[in-house]
Amino acid sequence: MAAYAILEVEVHDIGEYLLHQRQVAPLLEAVGARYLARGGESRGYEGVDQPASLMLVEFPSLAAMDAFYLGEAYRELISHRDTCSRCRILAVEGLQLSTQQ
């Protein structure tokens, strides 16, 4: 069952953050993840001010998200990410949709 990572990112140094994204891309690809939304126009409707940059990443499963996030390769990139941005990451498992609806 697919899982989704929801990221809110406040970038302080765009050049360094773009480098971080280039380093992360092959790690996401390796676990079968893909961006569904990345930094486009967004709105906050309730409970939040205007959100920072939002991203939505689809993973094949929550286990794949865990493998990515907890994996040594990504863990090594976190300190660099934290020097150029502030990031909140949430994950949610998708729905098991019936083929008979």
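The values are calculated or read from the model by the stated rules, or taken from the named source; none is laboratory data. These figures come from a predicted structure and were not determined experimentally. No Cβ is skipped: glycine too gets one built from the backbone with ideal geometry, and neighbour counts run over all protein chains shown.
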Verdict on Gly44 being more than 15 Å from Ala3 (Cβ to Cβ), at pLDDT below 95, surrounded by fewer than 14 Cβ atoms within 10 Å (Cβ to Cβ) and more than 13 Å from the chain's Cα centre (by Cα): yes
Subset of the stretch 41-99 (residues that are outside any helix (DSSP H, G or I), out of contact with any Leu (no Cβ under 8 Å at 6 or more places or on another chain) and acidic (Asp, Glu)): Glu41, Glu46, Asp49
Unmet criterion (only one of (1) within 11 Å of the chain's Cα centre (by Cα); (2) modelled with pLDDT of 95 or more) for Leu54: (2)
Criterion (surrounded by 10 or more Cβ atoms within 10 Å (Cβ to Cβ), among the aliphatic types (A, V, I, L, M) and touching a residue at least 60 places away in the same chain (Cβ under 8 Å)) met by exactly one of Val31, Val11: Val11
Test: Ser85 is among the polar types (S, T, N, Q) and under 16 Å from the mean Cα position of the chain (by Cα): yes
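Conditions tested, residue by residue: (1) in contact with a strand residue (DSSP E or B) (Cβ under 7 Å, 6 or more places away or on another chain); (2) in contact (Cβ under 8 Å) with a residue 24 or more places away in the chain; (3) on the phi < 0 side of the Ramachandran plot; (4) among the aromatic types (Phe, Trp, Tyr).
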site: Ala25; (1), (2), (3), (4): no, no, yes, no
site: Tyr35; (1), (2), (3), (4): yes, no, yes, yes
site: Arg38; (1), (2), (3), (4): yes, no, yes, no
site: Met55; (1), (2), (3), (4): yes, yes, yes, no
site: Met65; (1), (2), (3), (4): yes, yes, yes, no
site: Tyr74; (1), (2), (3), (4): no, yes, yes, yes
site: Cys84; (1), (2), (3), (4): yes, yes, yes, no
site: Glu93; (1), (2), (3), (4): yes, yes, yes, no
site: Leu97; (1), (2), (3), (4): no, no, yes, no
Residues of the stretch 51-90 that turn out to be surrounded by fewer than 18 Cβ atoms within 10 Å (Cβ to Cβ) and of a type in the set (Phe, Trp, Tyr), as a count: 2
